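All remarks here apply to the structure that follows.
The values are calculated or read from the model by the stated rules, or taken from the named source; none is laboratory data. Since this is a predicted model, take the numbers as computed values, not measurements. Cβ placement follows ideal geometry from the backbone for every residue including glycine, while neighbour counts extend to all protein chains displayed.
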Ligand SMILES: [Mg+2]
């Protein structure tokens, strides 16, 4: 049985279309060509606000501060299936997310609704403070926090179209996955070979 840290945003659900719509409703200008080019090259900036000229006083991150931000949202069906399978296999799931304070409750309720059998949810930007065997995250900046963990710690980088501000640390036991089916295979293989 492994203790698995699972990230939330982008890894389990992607609200970028809603964020784009929200930004567009205020925008003076949208650098749409740059955005499309970055999408094509898998080089999208995590802060979508960088693709807009916004009126003074509008902070792009305000979108995430909305207290009901995750109400009615659902996770990827494939992720839900794999998480339930991991729980069936006896693993412990801990959702860990760097939250904007105001949306914490809404995010927690969404996770409880979507995966009722995994109730652990921690909000922190220092994910490596949590003792675990495996992390699944779309951001290398969080994965690299675990570089001093024992060598058998497994890091799974959920690779997406977003540009990483840090490099992949080759000294780590780290694999890139592009879908939840691959994430399950990596975890399953890791647990079988570890025991
Ligand atoms: Mg994430």
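Remarks
- Residue satisfying condition, being more than 16 Å from the ligand (Cβ to nearest atom), in contact with a helix residue (DSSP H, G or I) (Cβ under 9 Å, 6 or more places away or on another chain) and outside the structural domain of residue 136 (by TED's automatic domain parsing), within set 48, 20: 20
- Condition check for residue 118 on (1) surrounded by 15 or more Cβ atoms within 10 Å (Cβ to Cβ); (2) over 16 Å from the mean Cα position of the chain (by Cα); (3) over 29 Å from residue 69 (Cα atoms): one failure, at (3).
- Selected residue [farther than 19 Å from residue 179 by Cα, outside the structural domain of residue 42 (by TED's automatic domain parsing) and either in contact with a strand residue (DSSP E or B) (Cβ under 6 Å, 6 or more places away or on another chain) or within 15 Å of the ligand (Cβ to nearest atom) (or both)] from 151, 109, 141: 141
- Residues considered: 5, 75. Of these, the only one that is in contact with a helix residue (DSSP H, G or I) (Cβ under 9 Å, 6 or more places away or on another chain), within 16 Å of the ligand (Cβ to nearest atom) and not in a loop (DSSP other than H, G, I, E, B) is 5.
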